[in-house]
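Just below is one structure, and these are the notes that go with it.
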Amino acid sequence: MNPVLEVSGLRTHFGIEKRVLPAVRGVDFSLSRGRTLGLVGESGCGKTVTALSLMRLVPRPGRIVAGSVRLDRSGGGPLELLSLPESRMRRIRGRELGMIFQEPMTSLNPVFTIGEQVREAIRVHEPLGKKAVRERVIGLLRDVNLPDPESRYFDYPHQLSGGQRQRVMIAIALACNPKVLIADEPTTALDVTVQARILGLISRLRDRYEMAVLLVTHDLGVVAQATERVAVMYLGRIVEAAATRRLFKAPAHPYTRGLLDSVPRLGEEKRRLAAVRGAVPTLSRIPAGCSFHPRCPRAGEVCRRESPAPREVGEGHRVECHFPLE
Ligand code: SF4
(Lines give C-alpha, C1' and ligand atoms only; values in the text may rest on other atoms or scores of the structure.)
Protein backbone atom coordinates (compact mmCIF):
# COMPACT_ATOMS: atom_id res chain seq x y z
CA MET A 1 0.00 0.00 0.00
CA ASN A 2 1.39 3.41 -0.99
CA PRO A 3 1.96 5.70 1.99
CA VAL A 4 -0.16 8.84 2.08
CA LEU A 5 2.41 10.67 4.21
CA GLU A 6 6.14 10.00 4.29
CA VAL A 7 8.36 11.60 6.89
CA SER A 8 12.13 11.36 6.63
CA GLY A 9 15.03 12.88 8.47
CA LEU A 10 12.75 15.27 10.36
CA ARG A 11 14.61 17.51 12.82
CA THR A 12 13.04 20.18 14.98
CA HIS A 13 15.08 22.33 17.33
CA PHE A 14 14.28 24.91 19.98
CA GLY A 15 16.72 27.77 20.32
CA ILE A 16 16.66 29.09 23.89
CA GLU A 17 19.20 31.61 25.20
CA LYS A 18 21.86 30.69 22.64
CA ARG A 19 21.38 26.99 23.36
CA VAL A 20 19.96 24.61 20.80
CA LEU A 21 17.61 21.97 22.20
CA PRO A 22 17.05 19.22 19.63
CA ALA A 23 13.52 17.98 20.36
CA VAL A 24 13.20 15.85 17.21
CA ARG A 25 16.45 14.33 15.95
CA GLY A 26 15.99 12.67 12.58
CA VAL A 27 12.64 10.92 12.57
CA ASP A 28 11.44 8.63 9.75
CA PHE A 29 8.04 6.97 9.36
CA SER A 30 5.16 6.68 6.94
CA LEU A 31 1.38 6.56 7.23
CA SER A 32 -0.95 4.54 5.03
CA ARG A 33 -4.65 4.92 4.36
CA GLY A 34 -6.88 2.86 6.62
CA ARG A 35 -4.03 2.23 9.10
CA THR A 36 -3.14 3.69 12.50
CA LEU A 37 0.43 4.24 13.61
CA GLY A 38 0.96 4.77 17.33
CA LEU A 39 3.75 7.12 18.36
CA VAL A 40 4.59 6.26 21.94
CA GLY A 41 7.09 7.32 24.58
CA GLU A 42 7.53 9.11 27.90
CA SER A 43 6.67 12.79 28.36
CA GLY A 44 9.25 15.00 26.71
CA CYS A 45 10.40 12.40 24.17
CA GLY A 46 9.34 14.56 21.21
CA LYS A 47 6.04 12.94 20.21
CA THR A 48 3.95 16.10 20.27
CA VAL A 49 6.67 18.21 18.63
CA THR A 50 6.83 15.59 15.85
CA ALA A 51 3.04 15.83 15.36
CA LEU A 52 3.13 19.63 15.35
CA SER A 53 6.03 19.57 12.89
CA LEU A 54 3.89 17.64 10.39
CA MET A 55 1.31 20.44 10.60
CA ARG A 56 4.06 23.08 10.63
CA LEU A 57 2.60 24.41 13.86
CA VAL A 58 5.69 24.19 16.07
CA PRO A 59 5.47 27.07 18.57
CA ARG A 60 8.34 29.55 18.74
CA PRO A 61 11.22 29.37 19.48
CA GLY A 62 10.90 25.94 17.83
CA ARG A 63 11.98 25.50 14.21
CA ILE A 64 12.04 22.65 11.75
CA VAL A 65 15.67 22.57 10.66
CA ALA A 66 15.82 19.57 8.33
CA GLY A 67 13.90 16.72 6.79
CA SER A 68 11.05 16.03 4.49
CA VAL A 69 7.29 15.54 4.94
CA ARG A 70 5.75 14.36 1.69
CA LEU A 71 2.02 14.18 1.16
CA ASP A 72 0.77 11.89 -1.57
CA ARG A 73 -1.63 13.52 -4.00
CA SER A 74 -3.68 11.13 -6.05
CA GLY A 75 -3.01 12.11 -9.64
CA GLY A 76 -0.13 14.52 -8.99
CA GLY A 77 3.30 13.86 -7.57
CA PRO A 78 3.96 14.02 -3.83
CA LEU A 79 3.81 17.43 -2.22
CA GLU A 80 6.73 18.50 0.00
CA LEU A 81 5.01 20.22 2.91
CA LEU A 82 8.13 21.67 4.49
CA SER A 83 8.89 23.89 1.50
CA LEU A 84 5.35 25.18 0.85
CA PRO A 85 4.63 28.87 1.42
CA GLU A 86 2.60 29.45 4.59
CA SER A 87 -0.48 30.59 2.60
CA ARG A 88 -0.55 27.23 0.79
CA MET A 89 0.12 25.30 3.99
CA ARG A 90 -2.93 26.97 5.56
CA ARG A 91 -5.07 25.34 2.87
CA ILE A 92 -3.48 21.94 3.56
CA ARG A 93 -4.27 22.10 7.29
CA GLY A 94 -7.80 20.94 7.88
CA ARG A 95 -8.31 19.91 4.27
CA GLU A 96 -5.55 17.31 3.91
CA LEU A 97 -4.23 17.00 7.47
CA GLY A 98 -6.64 17.14 10.40
CA MET A 99 -5.53 17.30 14.01
CA ILE A 100 -7.22 16.49 17.30
CA PHE A 101 -5.45 18.42 20.03
CA GLN A 102 -4.74 17.25 23.57
CA GLU A 103 -7.18 19.21 25.69
CA PRO A 104 -10.72 19.56 24.37
CA MET A 105 -11.65 22.11 27.05
CA THR A 106 -8.83 24.48 26.20
CA SER A 107 -8.90 23.84 22.45
CA LEU A 108 -12.56 24.81 22.07
CA ASN A 109 -13.43 28.48 22.30
CA PRO A 110 -15.75 28.97 25.32
CA VAL A 111 -17.60 31.96 23.83
CA PHE A 112 -18.78 30.29 20.60
CA THR A 113 -21.35 27.54 20.25
CA ILE A 114 -20.08 24.19 19.05
CA GLY A 115 -22.11 24.62 15.84
CA GLU A 116 -20.25 27.85 15.09
CA GLN A 117 -16.88 26.23 15.76
CA VAL A 118 -17.44 23.23 13.49
CA ARG A 119 -18.99 25.56 10.88
CA GLU A 120 -15.88 27.74 10.91
CA ALA A 121 -13.66 24.73 10.15
CA ILE A 122 -15.75 24.05 7.03
CA ARG A 123 -16.18 27.68 5.97
CA VAL A 124 -12.42 28.31 5.87
CA HIS A 125 -12.00 25.69 3.14
CA GLU A 126 -15.29 25.34 1.30
CA PRO A 127 -17.59 28.03 -0.09
CA LEU A 128 -20.90 26.40 0.87
CA GLY A 129 -24.20 28.18 1.47
CA LYS A 130 -25.53 28.69 5.03
CA LYS A 131 -28.04 25.86 4.88
CA ALA A 132 -25.58 23.38 3.34
CA VAL A 133 -22.96 24.18 5.99
CA ARG A 134 -25.46 23.73 8.80
CA GLU A 135 -26.56 20.38 7.39
CA ARG A 136 -22.93 19.33 7.06
CA VAL A 137 -22.19 20.34 10.67
CA ILE A 138 -25.15 18.39 11.98
CA GLY A 139 -24.11 15.41 9.84
CA LEU A 140 -20.60 15.57 11.33
CA LEU A 141 -21.93 15.81 14.88
CA ARG A 142 -24.07 12.77 14.11
CA ASP A 143 -21.02 10.94 12.66
CA VAL A 144 -19.16 11.42 15.93
CA ASN A 145 -22.22 10.10 17.83
CA LEU A 146 -23.04 13.31 19.66
CA PRO A 147 -26.57 12.77 20.98
CA ASP A 148 -29.27 15.11 19.68
CA PRO A 149 -26.97 17.05 17.31
CA GLU A 150 -29.66 19.52 16.19
CA SER A 151 -29.95 21.02 19.66
CA ARG A 152 -26.29 20.44 20.60
CA TYR A 153 -25.46 22.73 17.69
CA PHE A 154 -26.47 25.68 19.90
CA ASP A 155 -24.66 24.51 23.06
CA TYR A 156 -21.48 26.07 24.41
CA PRO A 157 -18.48 23.87 25.31
CA HIS A 158 -19.12 24.12 29.06
CA GLN A 159 -22.53 22.49 28.55
CA LEU A 160 -20.89 19.29 27.26
CA SER A 161 -19.12 16.47 29.12
CA GLY A 162 -15.40 15.80 28.51
CA GLY A 163 -16.19 12.92 26.14
CA GLN A 164 -18.71 15.04 24.20
CA ARG A 165 -16.20 17.88 23.86
CA GLN A 166 -13.67 15.42 22.47
CA ARG A 167 -16.29 14.25 19.95
CA VAL A 168 -16.71 17.87 18.85
CA MET A 169 -12.92 18.16 18.43
CA ILE A 170 -13.00 15.06 16.24
CA ALA A 171 -15.85 16.57 14.19
CA ILE A 172 -13.76 19.73 13.66
CA ALA A 173 -10.72 17.66 12.61
CA LEU A 174 -12.87 15.72 10.12
CA ALA A 175 -14.80 18.75 8.82
CA CYS A 176 -13.06 18.76 5.45
CA ASN A 177 -12.50 15.03 5.11
CA PRO A 178 -8.69 15.02 5.54
CA LYS A 179 -6.46 12.23 4.25
CA VAL A 180 -4.44 12.17 7.45
CA LEU A 181 -5.73 12.50 11.00
CA ILE A 182 -3.23 13.33 13.74
CA ALA A 183 -4.60 12.62 17.20
CA ASP A 184 -2.40 13.94 20.01
CA GLU A 185 -3.28 12.19 23.29
CA PRO A 186 -6.98 12.27 22.34
CA THR A 187 -8.13 10.33 25.39
CA THR A 188 -5.76 11.45 28.16
CA ALA A 189 -8.29 13.58 30.03
CA LEU A 190 -11.10 11.02 29.78
CA ASP A 191 -12.10 8.16 32.03
CA VAL A 192 -11.49 4.62 30.82
CA THR A 193 -14.95 3.77 29.46
CA VAL A 194 -15.21 7.06 27.54
CA GLN A 195 -11.64 6.50 26.31
CA ALA A 196 -12.60 3.13 24.81
CA ARG A 197 -15.59 4.67 23.04
CA ILE A 198 -13.52 7.55 21.60
CA LEU A 199 -10.84 5.14 20.33
CA GLY A 200 -13.52 2.95 18.75
CA LEU A 201 -15.03 6.04 17.14
CA ILE A 202 -11.68 7.15 15.67
CA SER A 203 -11.14 3.65 14.19
CA ARG A 204 -14.61 3.54 12.65
CA LEU A 205 -14.26 7.01 11.16
CA ARG A 206 -10.79 6.13 9.85
CA ASP A 207 -12.28 3.19 7.97
CA ARG A 208 -15.28 5.14 6.72
CA TYR A 209 -13.24 8.10 5.44
CA GLU A 210 -10.21 5.94 4.45
CA MET A 211 -7.84 8.10 6.44
CA ALA A 212 -4.36 7.41 7.74
CA VAL A 213 -4.15 8.03 11.50
CA LEU A 214 -1.17 9.01 13.64
CA LEU A 215 -2.06 8.37 17.27
CA VAL A 216 0.29 10.11 19.69
CA THR A 217 0.12 8.69 23.19
CA HIS A 218 2.11 7.76 26.29
CA ASP A 219 -0.35 4.98 27.04
CA LEU A 220 0.59 1.48 25.90
CA GLY A 221 -2.96 0.27 26.55
CA VAL A 222 -4.22 2.77 23.97
CA VAL A 223 -1.54 1.60 21.51
CA ALA A 224 -2.51 -2.05 21.97
CA GLN A 225 -6.18 -1.26 21.48
CA ALA A 226 -6.10 1.14 18.56
CA THR A 227 -3.04 0.72 16.31
CA GLU A 228 -1.66 -1.70 13.74
CA ARG A 229 1.86 -0.38 13.95
CA VAL A 230 3.84 1.38 16.64
CA ALA A 231 6.92 3.58 16.78
CA VAL A 232 8.66 4.06 20.13
CA MET A 233 10.33 7.44 20.67
CA TYR A 234 13.14 8.23 23.04
CA LEU A 235 14.85 11.63 23.24
CA GLY A 236 13.69 12.74 19.83
CA ARG A 237 14.42 9.52 17.92
CA ILE A 238 12.33 6.54 16.93
CA VAL A 239 14.31 3.76 18.58
CA GLU A 240 12.02 0.91 17.58
CA ALA A 241 9.15 0.41 15.12
CA ALA A 242 7.16 -2.72 14.37
CA ALA A 243 3.70 -4.17 13.90
CA THR A 244 1.89 -3.65 17.21
CA ARG A 245 1.40 -7.36 17.98
CA ARG A 246 5.01 -8.12 17.23
CA LEU A 247 6.32 -5.25 19.33
CA PHE A 248 4.25 -6.32 22.34
CA LYS A 249 5.29 -9.96 21.92
CA ALA A 250 8.95 -9.54 21.07
CA PRO A 251 10.34 -6.06 21.76
CA ALA A 252 13.95 -5.73 20.60
CA HIS A 253 14.95 -2.45 22.26
CA PRO A 254 15.72 -2.45 26.00
CA TYR A 255 13.74 0.78 26.40
CA THR A 256 10.62 -0.79 24.85
CA ARG A 257 11.10 -3.83 27.09
CA GLY A 258 11.30 -1.50 30.10
CA LEU A 259 8.11 0.33 29.10
CA LEU A 260 6.22 -2.94 28.65
CA ASP A 261 7.47 -4.33 31.97
CA SER A 262 6.26 -1.23 33.77
CA VAL A 263 2.61 -1.87 32.81
CA PRO A 264 0.40 -4.20 34.89
CA ARG A 265 -1.43 -6.91 32.93
CA LEU A 266 -4.85 -8.32 33.65
CA GLY A 267 -4.81 -11.91 34.91
CA GLU A 268 -1.07 -11.90 35.54
CA GLU A 269 0.38 -13.25 38.82
CA LYS A 270 1.06 -10.54 41.36
CA ARG A 271 4.53 -9.12 40.74
CA ARG A 272 6.48 -6.03 41.54
CA LEU A 273 6.24 -3.69 38.55
CA ALA A 274 9.59 -2.88 36.99
CA ALA A 275 10.46 0.73 36.19
CA VAL A 276 12.91 2.05 33.62
CA ARG A 277 15.69 3.16 35.92
CA GLY A 278 16.74 6.81 36.10
CA ALA A 279 15.01 9.71 34.41
CA VAL A 280 14.91 11.04 30.86
CA PRO A 281 17.92 13.39 30.45
CA THR A 282 17.21 16.99 29.50
CA LEU A 283 17.56 17.99 25.85
CA SER A 284 20.55 20.16 26.73
CA ARG A 285 22.44 17.07 28.01
CA ILE A 286 21.73 14.31 25.55
CA PRO A 287 24.25 11.54 26.32
CA ALA A 288 26.87 10.72 23.68
CA GLY A 289 26.67 7.40 21.85
CA CYS A 290 23.35 5.67 22.41
CA SER A 291 21.26 8.27 24.23
CA PHE A 292 19.61 5.53 26.32
CA HIS A 293 22.90 4.12 27.66
CA PRO A 294 22.81 5.70 31.17
CA ARG A 295 19.50 3.90 31.81
CA CYS A 296 20.14 0.69 29.90
CA PRO A 297 20.82 -2.62 31.68
CA ARG A 298 22.56 -3.99 28.55
CA ALA A 299 24.83 -1.03 27.85
CA GLY A 300 28.38 -1.93 26.79
CA GLU A 301 31.45 0.13 26.03
CA VAL A 302 30.47 0.72 22.41
CA CYS A 303 27.10 2.13 23.53
CA ARG A 304 28.84 5.03 25.28
CA ARG A 305 30.83 5.90 22.15
CA GLU A 306 28.70 5.19 19.09
CA SER A 307 25.07 5.85 18.21
CA PRO A 308 23.53 2.62 16.99
CA ALA A 309 22.44 2.62 13.35
CA PRO A 310 18.90 1.40 12.56
CA ARG A 311 18.75 -2.30 11.74
CA GLU A 312 16.06 -4.77 10.70
CA VAL A 313 15.43 -7.56 13.19
CA GLY A 314 12.39 -9.03 11.46
CA GLU A 315 9.87 -8.18 8.78
CA GLY A 316 8.98 -4.51 9.19
CA HIS A 317 10.70 -4.51 12.60
CA ARG A 318 13.39 -1.85 12.94
CA VAL A 319 15.47 -1.08 16.00
CA GLU A 320 18.32 1.24 16.94
CA CYS A 321 20.43 -0.78 19.35
CA HIS A 322 23.91 -2.35 19.35
CA PHE A 323 22.66 -5.35 21.34
CA PRO A 324 18.97 -5.87 20.53
CA LEU A 325 16.99 -8.42 22.56
CA GLU A 326 16.39 -11.78 20.91
FE1 SF4 B 1 21.25 -0.28 25.50
FE2 SF4 B 1 23.45 -0.19 24.04
FE3 SF4 B 1 21.16 -0.87 22.93
FE4 SF4 B 1 21.58 1.62 23.69
S5 SF4 B 1 22.67 0.52 22.10
S6 SF4 B 1 19.76 0.47 24.03
S7 SF4 B 1 22.76 1.30 25.53
S8 SF4 B 1 22.26 -1.99 24.49
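The GluC sites (Glu not before Pro) of the range 158-259 that meet both conditions, a loop assignment by DSSP and at most 15 other Cβ atoms within 10 Å of the site Cβ, are GLU210, GLU228. What you get for the chain, charging only the Cβ of Lys and Arg (+1) and of Asp and Glu (-1), is a dipole of about 420 debye around the Cα centre.
Projected onto planes of every orientation and averaged, the convex hull of the alpha-carbon atoms in the chain covers 18.7 nm². What number comes out for the charge environment of ILE182, summing +1 per Lys or Arg and -1 per Asp or Glu over other residues with Cβ under 14 Å away? It works out to a net charge of +4. Helix 162-174 and the long axis of the chain differ in direction by around 80°, with both axes built from C-alpha atoms.
Build a GNM of the chain with springs between Cα atoms under 10 Å apart, and of SER262, SER203, SER307 the one that fluctuates most is SER262.
Need one number: % antiparallel among DSSP beta bridges in the chain, to the nearest 5. Looking only at bridges with both residues in the chain, the antiparallel portion is about 65 percent.
Over the range 39-161, what percent of the accessible surface lies on carbon and sulfur atoms, probe 1.4 Å? Whole-percent figure for carbon plus sulfur exposure: 52. Rank LEU84, LEU108, LEU259 by mean-square fluctuation in a GNM of the chain with C-alpha springs under 10 angstrom and give only the top-ranked residue. Sorting by GNM fluctuation, first place goes to LEU84.
Note on LYS179: aspartates and glutamates with a C-alpha under 20 Å away, same-chain residues under 8 apart excluded, are GLU6, ASP28, ASP72, GLU80, GLU86, GLU96, GLU120, GLU126, ASP143, ASP207, GLU210, GLU228. A Cβ-based charge dipole, computed about the Cα centre of the range 167-206 with Lys and Arg at +1 and Asp and Glu at -1, lands at about 260 debye. Counting charges near GLY129 (Lys, Arg +1; Asp, Glu -1) among other residues having Cβ under 15 Å from its Cβ returns a value of +4. Build a GNM of the chain with springs between Cα atoms under 10 Å apart, and of GLY26, GLY236, GLY98 the one that fluctuates most is GLY26. Assuming R0 = 35 Å, what is the FRET efficiency of ARG304 and ARG88, from their Cβ-Cβ distance, to the nearest 0.05? Result of the calculation: an efficiency of 0.20. Calculated [222 nm] ellipticity per residue, helices only, for the chain: -9000 deg cm²/dmol; basis is -39500 (n - 2.57) per DSSP H run with n ≥ 4, divided by all residues, nearest 500. The angle between the Cα long axis of helix 192-209 and the longest principal axis of the Cα atoms of the chain comes to about 70 degrees, rounded to the nearest 10.
Could you tell me how many degrees, from 0 to 90 and to the nearest 10, lie between the Cα long axis of helix 130-143 and the main elongation axis, the longest principal axis, of the Cα atoms of the chain? It works out to around 40 degrees. Rolling a 1.4 Å probe over the heavy atoms of the protein chains gives the range 51-141 an accessible area of 54 Å² per residue. For the range 71-230, rounded, prolate or oblate, judged on the Cα gyration tensor with a ≥ b ≥ c (square roots of eigenvalues), a/c < 1.5 rounded, else prolate if a/b > b/c? The shape class here is oblate. Loop-resident GluC sites (Glu not before Pro) (DSSP state other than H, G, I, E or B) in the range 91-137 with no more than 14 further Cβ atoms inside 10 Å of their Cβ are absent.
The values are calculated or read from the model by the stated rules, or taken from the named source; none is laboratory data. Bear in mind the structure is a predicted one, so any value in this text is a computation, not a measurement. Note: ideal-geometry Cβ built from the backbone for every residue, glycine included; neighbour counts use all protein chains shown. Protein only, heavy atoms only, side chains kept; ligands, DNA and RNA dropped before computing areas. Shrake-Rupley method; radii C 1.70, N 1.55, O 1.52, S 1.80 Å.
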